[in-house]
Amino acid sequence: DRQAAGWVQIEDVKETGYRVQPGFSGTPVWDDALEGVVGMVVAAEARPEIKAAFTIPTDVLLASWPEMDQLASLPCPYQGLRAFQQQHASYFFGREGFADQLVRAVLEQPLTAVVGPSGSGKSSVVFAGLLPRLRQEENWVIVSCRPGREPFQELATSLIPSLELQMSETDQLIERNKLARALRLGEVHLPEVVERILGKQAEVSRLLLMCDQFEELYTLGQDAEERTRYLDELLQAVAGLSHHQPPEFSLVLTLRADFFGHASSYRPFADALQDSILILGP
């Protein structure tokens, strides 16, 4: 706890280990539970049999040095198990070569599949590596979704905000359900929706659909017939909107390598993937 001077007393209660002694002054004190620096060593107990010392707590240090306070308040760039997103692009690094390759692929072809083992950073390289670069061109509509348990519902949810620009959120929810049903039943097809979106915004000429965690189509989706319908809709957009150069529509998906067998088990989809795969290593 804090002492009268505002210092915090620390003790080494282990049988082994070094005690704080003269020369340690100024070193940071790290807290494993908080995963951060909680203070700076300032003094030590002179009696060798007592492993006690004192630190100046971090809040006192920051209050006395405003410049450090500004640095300490910056967001931590480490995302842990979460994927990097577009807002993290400024401190996403280490995948520049792959991101360059991915950008070229998306600019030149209508389908690109980023395939790699779990935890290799497939989502991160798309969201923080690819999408920020495409947004700089200002002629893209970018929508993203995950298949989830109801792939058509998720697809409609991602498309409606770009399709119905002036609607309230409540109206968009209603239209989302209508669009999902129409896509599922084949009453409306994805190429029609894409062309309608592009026709509504004069300044854009291309639409990118990012399907993240594509393996959810096999892990969460239980209806094989609906899965095939969903794949057919994606393939119809890839084939039907690729006659322009560059293509009006680009589909990017991320897929765990151990689910590639599932994805290639449907022959039309396997054929489309032949020249569209980028392998992301660890």
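The values are calculated or read from the model by the stated rules, or taken from the named source; none is laboratory data. Given the structure is predicted, the values throughout are model-derived calculations rather than measurements. Note that we place each Cβ from the backbone using ideal geometry, even for glycine, and neighbour counts take in every protein chain shown. We work out accessible area using only protein heavy atoms, side chains counted, and drop any ligands, DNA or RNA first. Shrake-Rupley method; radii C 1.70, N 1.55, O 1.52, S 1.80 Å.
Summed over region 39-65, the residues that are modelled with pLDDT under 85 and farther than 29 Å from VAL13 by Cβ give a count of 0.
Among the criteria (1) closer than 20 Å to ARG146 by Cβ; (2) surrounded by 15 or more Cβ atoms within 10 Å (Cβ to Cβ), the one LEU241 does not fulfil is (1). Using the structure shown, decide if GLU187 is open to solvent by 20 Å² or more (accessible area, probe 1.4 Å), not aromatic (Phe, Trp, Tyr) and not in a helix (DSSP H, G or I). When the stated conditions are applied, GLU187 passes them. Total residues in region 128-150 satisfying the condition of being closer than 16 Å to ALA83 by Cβ, open to solvent by less than 20 Å² (accessible area, probe 1.4 Å) and either in a strand (DSSP E or B) or among the acidic types (Asp, Glu) (or both): the figure is 1. Give region 45-59 a look and list any residue that's closer than 12 Å to ARG19 by Cβ and open to solvent by less than 40 Å² (accessible area, probe 1.4 Å), or say none. ALA52, ALA53, listed by residue number.
When each of VAL125, VAL193 is tested for being closer than 27 Å to GLN87 by Cα and open to solvent by less than 30 Å² (accessible area, probe 1.4 Å), the lone residue that passes is VAL125.
The condition (being closer than 30 Å to SER144 by Cα, out of contact with any Ser or Thr (no Cβ under 6 Å at 6 or more places or on another chain) and of a type outside the set (Lys, Arg)) is satisfied by just one residue among PHE84, PHE92, PHE24, PHE54: PHE92.
Tell me the helices (runs of 4 or more DSSP H) entirely within region 35-127 that contain at least 1 residues that are more than 30 Å from ASP212 (Cα to Cα) and touching a residue at least 24 places away in the same chain (Cβ under 8 Å).
Result: 58-64.
For the residues LEU179, LEU209, the requirement of being outside any helix (DSSP H, G or I), closer than 15 Å to GLU233 by Cα and hydrophobic (A, V, I, L, M, F, W, C) singles out LEU209.
Report whether or not ARG196 is touching a residue at least 24 places away in the same chain (Cβ under 8 Å) and within 22 Å of the chain's Cα centre (by Cα). So ARG196 fails the test. Can you tell which of GLY17, GLY80, GLY94 is modelled with pLDDT under 85 and closer than 30 Å to THR254 by Cβ? Sole residue among the options that is modelled with pLDDT under 85 and closer than 30 Å to THR254 by Cβ: GLY80. Does ASP275 meet the test of being open to solvent by 40 Å² or more (accessible area, probe 1.4 Å), under 26 Å from the mean Cα position of the chain (by Cα) and in contact (Cβ under 8 Å) with a residue 12 or more places away in the chain? Here the answer is yes, as ASP275 does meet what is asked. Within region 97-118, being polar (S, T, N, Q) and either open to solvent by less than 60 Å² (accessible area, probe 1.4 Å) or modelled with pLDDT under 90 (or both) holds for GLN109, THR112.
Scanning region 220-235 for residues that are over 16 Å from LEU159 (Cα atoms), part of a helix (DSSP H, G or I) and either in contact (Cβ under 8 Å) with a residue 12 or more places away in the chain or open to solvent by less than 50 Å² (accessible area, probe 1.4 Å) (or both) yields GLU226, ARG227, THR228, ARG229, LEU231, ASP232, LEU235.
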